[in-house]
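So the structure is just underneath, and the comments pick up after that.
The values are calculated or read from the model by the stated rules, or taken from the named source; none is laboratory data. Just so it is clear, the structure is predicted and the values come from calculations on it, not from any experiment. Note that each Cβ is placed from the backbone with ideal geometry, even for glycine, and that neighbours are counted across all protein chains shown.
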């Protein structure tokens with residue numbers, strides 16, 4: 001039973017730590033430390049330590065989100081307004097290279113690095129994980145359809161029977177690998193973009 | 001109760017909570033858990049115990065309270081809080097103002113009930 005209790009407490013502290021993201025590091029550590037001390041004291045106070053008792057204890061402590069909101073207010077941290085740099089970076093990184101080959105992606109990188117909404121680690125992830133954004137898969141896709149001669153050239157009204165999948169050679173072994181590669185090249189930039197959007201620091205220091 | 005009243009009460013609670021913390025520390029030093037339970041036991045003061053810790057951190061940063069680590073009879077050391085001179089002065093100042101304010105509000109809102 002005690003391991004279930006430990007798990008509940010551990011999850012709670014993990015959630016709290018995540019909600020406090022964006023607070024100055026020292027404040028965040030201090031709060032998490034104090035609240036884990038509180039939990040230790042409260043557990044020592046319990047008559048019997050069962051799952052329900054631990055849940056009640058954590059309920060009394062309150063939702064981590066609520067504690068984080070309180071911390072933001074007490075420390076004078078305003079919710080971050082997402083600015084043009086962040087929006088620009090999130091748009092230009094995946095599709096900038098498609099709109100404006102290479103240069104568009106590069107603009108995204110510059111915006112990513114001048115914004116203070118991300119940590120250096122996140123900026124490195126954004127830079128290294130998908131160089132070029134969706135430019136590469138789009139370019140590969142265009143090349144592939146041009147070289148195989150299927151896809152865009154057939155007009156459906158004139159030759160419906162030619163405009164189905166059988167028009168293109170069914171993918172052999174290599175074809176399947178190429179498809180998998182292209183899918184990955186599409187997915188990685190999209191997933192990275194979602195990751196960056198979620199990792200944006202939600203708070204900034206409004207006052208001292 | 002209408003929503004705006006809820007918000008008002010939440011604001012009033014929030015604004016006065018720090019003086020309740022200072023009051024609890026006026027006569028003795030207390031460690032975090034003890035302090036928090038002391039506040040939470042009074043109905044209507046705090047809804048979530050955890051939200052008191054950001055306040056304690058803020059009070060310490062503002063120099064109204066200070067904390068020291070002390071051994072506990074059992075378990076890990078505890079962080080004890082006590083008032084600083086600045087905290088004591090802030091509490092005294094608030095007490096005077098609060099009495100005036102409370103009496104003034106009572107003067108109007110309690111009138112019809114008597």
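Which residues, taken from the stretch A:122-141, are assigned to a helix (DSSP H, G or I) and within 16 Å of the chain's Cα centre (by Cα)?
Within the stretch A:122-141, A:122, A:123, A:124, A:125, A:126, A:127, A:128 qualify.
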Condition first: assigned to a helix (DSSP H, G or I) and surrounded by fewer than 18 Cβ atoms within 10 Å (Cβ to Cβ). Now tell me which residues in the stretch A:99-121 satisfy that. A:99, A:103, A:106, A:110, A:113, A:114, A:120, A:121
Name, by its number, the condition in (1) part of a loop (DSSP other than H, G, I, E, B); (2) closer than 26 Å to residue A:77 by Cβ; (3) in contact (Cβ under 8 Å) with a residue 12 or more places away in the chain that does not hold for residue B:47. (3)
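To keep it simple, each residue is scored yes or no on (1) in contact with a helix residue (DSSP H, G or I) (Cβ under 8 Å, 6 or more places away or on another chain); (2) more than 19 Å from residue A:30 (Cα to Cα).
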{"residue": "B:5", "(1), (2)": "no, yes"}
{"residue": "B:13", "(1), (2)": "no, yes"}
{"residue": "B:64", "(1), (2)": "yes, no"}
{"residue": "B:90", "(1), (2)": "yes, yes"}
{"residue": "B:94", "(1), (2)": "yes, yes"}
For residue A:46, work out the one condition from (1) farther than 24 Å from residue B:35 by Cα; (2) without any contact (Cβ under 8 Å) to a residue 24 or more places away in the chain it doesn't fulfil. (1)
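Taking into account only those residues within the stretch A:37-63 that are more than 8 Å from chain B (Cβ to nearest Cβ) and in contact with a helix residue (DSSP H, G or I) (Cβ under 6 Å, 6 or more places away or on another chain), which is farthest from residue B:75 (Cα to Cα)? Before you say what the answer is, go through the steps one by one.
If we filter the stretch A:37-63 for residues that are more than 8 Å from chain B (Cβ to nearest Cβ), which is where we start, we get A:39, A:43, A:45-59.
Still in the list and also in contact with a helix residue (DSSP H, G or I) (Cβ under 6 Å, 6 or more places away or on another chain): A:39, A:46, A:49, A:51, A:54, A:57-58.
On the way: A:39: 12, A:46: 14, A:49: 17, A:51: 22, A:54: 19, A:57: 19, A:58: 20 Å.
Among those that are more than 8 Å from chain B (Cβ to nearest Cβ) and in contact with a helix residue (DSSP H, G or I) (Cβ under 6 Å, 6 or more places away or on another chain), it is A:51.
Pick from the stretch B:32-47 the residues that are in contact with a helix residue (DSSP H, G or I) (Cβ under 7 Å, 6 or more places away or on another chain) and within 20 Å of residue B:77 (Cα to Cα): which of them is nearest to the other protein chains (Cβ to nearest Cβ)?
Kept after step one, since they are in contact with a helix residue (DSSP H, G or I) (Cβ under 7 Å, 6 or more places away or on another chain), are these residues of the stretch B:32-47: B:32-33, B:35-36, B:38-40, B:45-46.
Retained after the next criterion (residues that are within 20 Å of residue B:77 (Cα to Cα)): B:32-33, B:35-36, B:38.
Details: B:32: 6, B:33: 4, B:35: 10, B:36: 7, B:38: 13 Å.
Filtering first and then ranking leaves B:33.
So which of A:76, A:126, A:108, A:88 is within 22 Å of residue A:18 (Cα to Cα) and touching a helix residue (DSSP H, G or I) at 6+ places or on another chain (Cβ under 8 Å)? Write out each step before concluding.
Values: A:76 fails: touching a helix residue (DSSP H, G or I) at 6+ places or on another chain (Cβ under 8 Å); A:108 fails: within 22 Å of residue A:18 (Cα to Cα); A:88 fails: within 22 Å of residue A:18 (Cα to Cα).
On inspection, the qualifying residue turns out to be A:126.
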Residue hits (the stretch A:21-31; within 10 Å of chain B (Cβ to nearest Cβ) and surrounded by fewer than 18 Cβ atoms within 10 Å (Cβ to Cβ)) are A:26
Would you confirm, using the coordinates I've provided, whether residue B:75 is modelled with pLDDT under 90 and touching a helix residue (DSSP H, G or I) at 6+ places or on another chain (Cβ under 9 Å)? yes
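If we scan the stretch B:19-26, do we find a residue that is within 11 Å of chain A (Cβ to nearest Cβ), in contact with a strand residue (DSSP E or B) (Cβ under 8 Å, 6 or more places away or on another chain) and farther than 20 Å from residue A:62 by Cβ? Walk me through how you get there before you give the answer.
Going through the stretch B:19-26, the residues within 11 Å of chain A (Cβ to nearest Cβ) turn out to be none.
Among the residues of the stretch B:19-26, not one is within 11 Å of chain A (Cβ to nearest Cβ), in contact with a strand residue (DSSP E or B) (Cβ under 8 Å, 6 or more places away or on another chain) and farther than 20 Å from residue A:62 by Cβ, which makes the answer no.
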State whether one or more residues within the stretch A:71-81 are in contact (Cβ under 8 Å) with a residue 12 or more places away in the chain, at the interface with chain B (Cβ under 9 Å from one of its Cβ atoms) and more than 28 Å from the chain's Cα centre (by Cα). no
Could you grab me the full set of residues in the stretch B:58-109 that are more than 15 Å from residue B:29 (Cα to Cα), within 13 Å of chain A (Cβ to nearest Cβ) and part of a helix (DSSP H, G or I)? B:58, B:61
